[in-house]
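Here is the structure we will look at.
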Amino acid sequence: MKRIDRLILILLASFVLNACGIYSFSGTSIQPDVKTVTLDYFEYKALRVNPSLSNDLTEALRNEFRKMTRLEQVEMDGDIQISGEITGYDVRASAVTSDEVAAQNRLTVTVKITFKNKLYPEEDFEKSFSQYADYDSTNSLDAVESGLCAEINKKLIEDIFNATVANW
């Protein structure tokens, strides 16, 4: 009997938490009166050039918000506004052999995000996020770049999403 009581209590608690609008099963904690989001195009300001990275990152973040939140995406003046710029795109050796030759290289992407909440300005922040992926130095960056960027973008989107609306 105790097991059924616990189950009913858990279900009731989950309905109450979901109904209040602050918590959802997707992990977001968006206030109920926040209805819209503006996701600006990420500017590319890194010295090393990757022509598709800004667009890929911007679209991936827009898709994540579409999929994981109830917010309507608007071109300007959203209740929540997220803008960003890619500030770093670097390749460095991450593992060196005894002959002082790079065995693995690391591609690192750094993004600076500005988050503004018009209804709750105390939540505003500006923060940099950085993620990387390693690859074997026998491969050229051109050969593995698209796969590495997709992997890095996925990690960056998760970090940015969690910092902006999941409050993790």
Practice task
Work out from phi, with θ = phi - 60° and the Karplus expression 6.51 cos²θ - 1.76 cosθ + 1.60, the ³J(HN,Hα) of each residue of region 161-166, listed in order in whole Hz, and give x for Gly and Pro.
Solution key: 4, 4, 6, 8, 10, 9
Exercise for the section: Would you mind computing Rg(Cα) / (2.2 N^0.38 Å) for region 25-108, counting N as its residues? Expected result: 1.54
Problem - Cα gyration tensor shape of region 31-166, rounded if a/c is under 1.5, else prolate or oblate by comparing a/b with b/c - result: prolate
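If you filter region 41-102 for chymotrypsin sites (Phe, Trp or Tyr not before Pro), then keep DSSP loop positions with at most 15 other Cβ within 10 Å, what is left? Walk me through the intermediate numbers first.
Details: sites: Y41, F42, Y44, F65, Y89; in loops: Y41, F42.
Of the chymotrypsin sites (Phe, Trp or Tyr not before Pro), the ones in loops of region 41-102 whose Cβ has at most 15 other Cβ atoms within 10 Å are Y41.
Provide the gained length on full extension for the span A163 to T36, in nm with one decimal, where the gain is 0.36 nm per separating residue minus the Cα-Cα distance. Intermediate values should be presented prior to the final figure.
Values: separation 127, 0.36 × 127 = 45.72 nm, distance 1.73 nm.
My answer for the length gained is 44.0 nm.
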Exercise for the section: At 0.36 nm per residue, minus the direct Cα-Cα distance, what do T138 and V49 gain on full extension? Give it in nm, one decimal, please. Expected result: 29.9 nm
Problem - Distant-in-sequence amide H partners of V74 (H built 1.01 Å from N, under 5 Å) - result: V37, T38, L39
Exercise for the section: DSSP loop (so not H, G, I, E, B), at most 10 other Cβ within 10 Å: list which GluC sites (Glu not before Pro) in region 38-90 pass both filters. Expected result: E75
Fill in the blank from the handout: Non-local residues with an amide H under 5 Å from the amide H of G88, with H modelled 1.01 Å from N and Pro and chain starts lacking one, are T110
Exercise for the section: Pairs to check: K116/K155; K67/K155; K45/K127; K112/K154; K67/K154. Give those whose C-alpha atoms are more than 19 Å from each other in this structure. Expected result: K116/K155
Problem - For a label point 7 Å along the Cα-to-beta-carbon line of Y120, residues of region 65-89 with backbone N under 16 Å - result: 69-72, 79-82
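Tell me, in nm to one decimal, what length is gained between S146 and D99 on full extension, where the rule is 0.36 nm per residue of separation less the Cα-Cα distance? Don't skip to the end; give the middle numbers.
Working: separation 47, 0.36 × 47 = 16.92 nm, distance 2.94 nm.
So the chain would gain 14.0 nm between S146 and D99.
Each reported figure results from applying straightforward, stated rules to the coordinates on display, with no laboratory input. None of the values given here were measured: they were computed from a predicted structure. So basically every Cβ, Gly included, is an ideal-geometry build from the backbone, and we count neighbours across all protein chains shown.
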